[in-house]
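Values quoted throughout were computed directly from the atomic coordinates according to the rules given, and no laboratory measurement underlies them. Because the structure is a prediction, the values reported are computed rather than measured. When we count neighbours, we look across all protein chains shown, and the Cβ atoms used for this are built from the backbone with ideal geometry, even at glycine.
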Amino acid sequence: MRYLADQIRPAIDRRLRGDARVDAAVTANVRLVRSRLAAEPDLAGRISAGHLAVVGARYELATQRVHRIH
């Protein structure tokens, strides 16, 4: 659990409150994870060769929709 909290902590914008903070943290965390994956040596070569894309997205429970994060 500690590991997960440590990985998510950089995505939290402490200037925001409530739902806005949660929403921004989820989106920022998707971007962070996407960047970390794209930087992995095993994946980076495939990405640069155009054989792989790392795409960030989030699933909204209320609407059951998936939104791509750019």
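Each Lys and Arg contributes +1 and each Asp and Glu -1, all at the Cβ; summed about the Cα centre of the chain, the dipole is approximately 200 debye. At q = 0.15, 0.25 Å⁻¹, what log₁₀ I(q)/I(0) does a Debye calculation on the Cα points of the chain give, no solvent, two decimals? Evaluating at q = 0.15, 0.25 Å⁻¹ gives log10 I(q)/I(0) of -0.61, -1.12.
Extension gain, L16 to R46, is 7.1 nm, computed as 0.36 nm per intervening residue step minus the present C-alpha separation. Using R0 = 22 Å, the C-beta based FRET efficiency linking R2 and R36 works out to 0.75. Just to confirm the number: angle between the C-alpha axis of helix 18-39 and the first principal axis of the chain, 0 to 90 degrees, nearest 10? Taking the Cα atoms of the chain, the angle to 18-39 is about 10 degrees.
Taking Lys and Arg as +1 and Asp and Glu as -1, the other residues whose beta-carbon sits under 14 Å from that of L43 total +1. Taking the centroid of alpha carbons for each part, region 1-24 and region 27-62 are 19 Å apart. Our coupling estimate for region 7-14, obtained by passing each phi through the Karplus curve with A = 6.51, B = -1.76, C = 1.60 and θ = phi - 60°, is 6, 7, 3, x, 7, 8, 8, 6 Hz, Gly and Pro reported as x.
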